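Take a look at the structure below.
The values are calculated or read from the model by the stated rules, or taken from the named source; none is laboratory data. Since this is a predicted model, take the numbers as computed values, not measurements. Please note: Cβ atoms are built from the backbone with ideal geometry, for glycine as well, and neighbour counts cover all protein chains shown. Areas reflect the complete protein model, heavy atoms only, side chains present, ligands, DNA and RNA absent. Shrake-Rupley method; radii C 1.70, N 1.55, O 1.52, S 1.80 Å.
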Amino acid sequence: MADYGRIKITTYEPQYMRSHSFSHRHRPHRTRLRCPENCACVGIEEWDDLVVREQSARAANDRLMRENRVLKRENQRLLDQLPSREDEIASKFRRKIIGLKTDLERKDSVLHGLEKDGDLANRRIRELTKTVKDQSDENTQLQDRIDALDSHRRKDQSALKEALARVHDLQRQLLKYREYYTLYRRYDFT
């Protein structure tokens, strides 16, 4: 029976050929191999390297295809979730806008209250300023009157001193005349 060797061809089913080892021994050694019509003239080692590279390329391709399918499924899942996420984000923004509007209205009312209080305070300040000015004018008038009364008091005190001095002088004179007349009366025996 003839020897058969297995030739590895990855694109087709394995094919078996008759071994040329017996007949090859008796023939003269050829430097160039004879190729069939559809042969690429590739050596066995190169062919094995090509087979290994093709297997690793197929494995990498299969891995990439599986990863691509996973990514497509994930992308579809995210696309399916997108409307619900958009609704969630929109409702979140609506709540935030409502909160901001409420906050703005509250601040507007506080600002309106502060403006009202400011207007009231400005009116009160004007009234107090007018009152202080009026009281200052009245105080100035009273001070002028006090100064005039003080000058009259000083004049009256000096007049009083003169009058008291005159009274005191007259009292001394009166005492003197009384002593004089009382002395003569004592000795007067009529």
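Which lysines, if any, have their Cα less than 24 Å from the Cα of Lys96, not counting same-chain residues under 8 positions apart? Once the sequence-local lysines are set aside, what remains near Lys96 is Lys107.
Ligands, DNA and RNA left out, the 1.4 Å accessible surface of segment 39-179 is 57% carbon and sulfur atoms. Relative to its Kirkwood radius, the Cα radius of gyration of segment 65-111 gives an Rg/Rh of 1.47.
For segment 41-190, the solvent-accessible area works out to 97 Å² per residue, with a probe of 1.4 Å and every protein chain left in place. Where nothing but the Cβ of Lys and Arg (+1) and of Asp and Glu (-1) is charged, how large is the charge dipole of segment 69-190 around its Cα centre, in debye to the nearest 20? Around 460 debye, computed over segment 69-190. The mean of 1/r over all distinct Cα pairs in segment 111-190, once inverted, gives the Kirkwood hydrodynamic radius of 19.1 Å.
How much net charge surrounds Thr102 when only the other residues with a Cβ under 15 Å from the Cβ of Thr102 are counted, with Lys and Arg +1 and Asp and Glu -1? Charge balance near Thr102 sits at +3.
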